[in-house]
Amino acid sequence: MTDFDNIDDLVARYLRRDLDAEQLADVDNRRRTDPAFAEEFETGRLAFILREQLIANDLSGKMKRWRNDAPPPPEDFFKKYRYWIWAAFLLLCNSVAVWYFMPKTPIVPSAAPPTQEKAQNTPPTGTPETPMAGAERKKETTPPAQHKNNSAKYAALATRFYNQPDFNKNIRGNSSSAAGPLENVTAAMAGKKWNDALQAISQLPPEYKSDGDYLKAHILFNQKKYNEAAAVFGSLKSSVRYGEAAQWYEILALMPTYSDQRQTVVHQMLMALVKDDGHTYQKEAKNLADVLR
Amino acid sequence: MTSLQHTTGSVNFQQLVMQHSLDGWNDEEFVQAVCSAGAHRDAALEWWFNDAQLHQWVRNYVTRYGGNIADADDLYHDTFIAFDQFIRMGRYRGEAALKTVFCSIAKWQWVNARRRMAKTEHRDEWPETAADWPENEWYTRERASVLNQLLTTLGDKCKKLLTMYQLNYTMKETASEMGYASDQVAMNETSGCRKKLKTMIEKSTELMDFLNRT
């Protein structure tokens, strides 16, 4: 028979599973067969539960004290500052929108042709610097004013590489019998009457949508609305007729956003074109990449 | 009831807190400290209680599953009590990290609380780490409230003595805490309180019914 100093000790060890299998079986057996023991054991079990409650109460009191002593846990940063983060985000969007719709100042392209850029990689001696020659000397930190300056330089570079299609010719090809509706557009573009051209595009039949978009993108580029032009060229990248041209002109339209960090999307797009053997604009892309290098 | 303060003894409580606030306890040391009596236990528990990351975890968990910050703080409190009991009852076997066990208990407590509020029934999702602990031994506020009603008649001295008894204080430690002249006095006083408690239980058929029901 299991022998303990008192029933409390036995109950505690029973509840704490501190008895071996034989002792456990013995206690269970006695609880079943000996009503007096079972009653005493049950009272001991309830006393144990009440003493545990005393410990819980003691601990509660201590927790109250510890809580008062300790600083409160930090609130989740994003939860706490979510309104500030939203406000900052909206402010940023607003700034971008203002910048985007702000009238662009005319950019005077550099007089030096692309082929001469390599020769100018030697340190300059008072001559106007090319965009990349300037970029190579840039330091890691670029102040806002310098960013604007860079943007203008890369826009000038894009303008130099931009070969305007001959809009007097039928852009659908001489064999096309449906050139008629585009004539008004190309004629206006040849005369650099951009608003007239846009008006004519808006009147094109639906089957001329991709032609109209392609011409519209060129108009936007000529109006120096580079971001809008890039968006339209970008939408034509999978066009059978205009796809490859659109890829090249999209890069040119994105050039103002090109930075001297080589990780930009524009740089990656340009490199993809450089590696694309057989691309209609591979040669132009290589020339541009050489200037930027 | 005034909580035990451990103002006496050879171990300096503040030193322990300072030392372990810097170094922390590993799981084994922590379990040993919690199962011991006196300053080590309190220092370890205070260190654990002040774990801001754990507190934040409980807050995130509760707010994710339908509660608010006040619910989370209640849950942290209740989990802490259950966690202490879990360790002292020898339920922790070292298979998982103590923090995992704590989170597991918190989840279980929360599911239990939600179930009691009849909002949900997720028994399948109950965490396994603590799954072998009988449900009627879990800390709940309803249960605590009933038990405390009975304990109010016990008196502060007996509450203190029985708390120390349950925490396995030696009679020497008890005498020291209570300011008794000898271990024998402490033993007699403790014994008297244990008898008083049992008498109270035997007289309270209501409590017997409640505890047998839950």
Q) Any residue in segment A:73-80 that is surrounded by fewer than 10 Cβ atoms within 10 Å (Cβ to Cβ), modelled with pLDDT under 85 and hydrophobic (A, V, I, L, M, F, W, C)? A) yes
**Q.** Members of segment B:76-104 found to be modelled with pLDDT under 90 and within 14 Å of another protein chain (Cβ to nearest Cβ), listed by number
**A.** B:Met89, B:Gly90, B:Arg91, B:Tyr92, B:Arg93
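For segment A:160-168, does any single residue satisfy the condition of being exposed (fewer than 13 other Cβ atoms within 10 Å of the Cβ), at pLDDT below 85, of a type outside the set (Gly, Ala, Ser) and in a helix (DSSP H, G or I)? Lay out the reasoning, then the answer.
Initially, segment A:160-168 is screened for residues exposed (fewer than 13 other Cβ atoms within 10 Å of the Cβ), giving A:163-164, A:166, A:168.
Filter once more, keeping what is at pLDDT below 85: A:163-164, A:166, A:168.
Now restrict to residues that are of a type outside the set (Gly, Ala, Ser): A:163-164, A:166, A:168.
Among the residues that remain, those that are also in a helix (DSSP H, G or I) are: none.
No; the residues of segment A:160-168 include none that is exposed (fewer than 13 other Cβ atoms within 10 Å of the Cβ), at pLDDT below 85, of a type outside the set (Gly, Ala, Ser) and in a helix (DSSP H, G or I).
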Q: Six or more apart or on different chains, Cβ under 9 Å: which pairs go from a residue in segment B:52-75 that's more than 9 Å from chain A (Cβ to nearest Cβ) and small (Gly, Ala, Ser) to one that's surrounded by fewer than 19 Cβ atoms within 10 Å (Cβ to Cβ) and not in a helix (DSSP H, G or I)? Could you list them?
A: B:Gly66/B:Lys119; B:Gly66/B:Thr120
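Working only within segment A:236-290, note down all residues that are of a type in the set (Asp, Glu) and in contact (Cβ under 8 Å) with a residue 60 or more places away in the chain. Don't jump to the end; show me each part of the working.
Here is the first cut: in segment A:236-290, the residues of a type in the set (Asp, Glu) are A:244, A:250, A:260, A:276-277, A:284, A:290.
If the condition is that a residue be of a type in the set (Asp, Glu) and in contact (Cβ under 8 Å) with a residue 60 or more places away in the chain, then A:Asp260, A:Glu284, A:Asp290 are the ones that fit.
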Q | Among residues of segment B:157-192, those that are in a helix (DSSP H, G or I), in contact (Cβ under 8 Å) with a residue 24 or more places away in the chain and within 11 Å of chain A (Cβ to nearest Cβ), counted | A | 9
**Q.** Breaking point among (1) in contact with a Pro (Cβ under 8 Å, 6 or more places away or on another chain); (2) not in a helix (DSSP H, G or I); (3) not aromatic (Phe, Trp, Tyr), for B:Gly90
**A.** (1)
Q | Output for segment A:10-54, where each listed residue is part of a helix (DSSP H, G or I), within 14 Å of another protein chain (Cβ to nearest Cβ) and exposed (fewer than 12 other Cβ atoms within 10 Å of the Cβ) | A | A:Ala36
Q | Failed condition for A:Leu19, given (1) within 25 Å of B:Ala44 (Cβ to Cβ); (2) at pLDDT below 90 | A | (1)
Q) Does A:Asn227 count as polar (S, T, N, Q), modelled with pLDDT of 85 or more and either over 19 Å from the mean Cα position of the chain (by Cα) or buried (at least 18 other Cβ atoms within 10 Å of the Cβ) (or both)? A) no
Q. What residue, of B:Gln15, B:Gln32, B:Gln19, is at pLDDT 90 or above, more than 10 Å from every other protein chain (Cβ to nearest Cβ), surrounded by fewer than 17 Cβ atoms within 10 Å (Cβ to Cβ) and on the phi < 0 side of the Ramachandran plot?
A. B:Gln32
Q: May I ask you to list the residues in segment B:34-57 that are in a helix (DSSP H, G or I) and over 19 Å from A:Asp69 (Cβ atoms)?
A: B:Val34, B:Cys35, B:Trp57
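The values are calculated or read from the model by the stated rules, or taken from the named source; none is laboratory data. Predicted, not measured: the structure shown is a model, and the values here were computed from it. For neighbour counting, all protein chains shown are included, and Cβ atoms are generated from backbone atoms with ideal geometry for every residue, glycine included.
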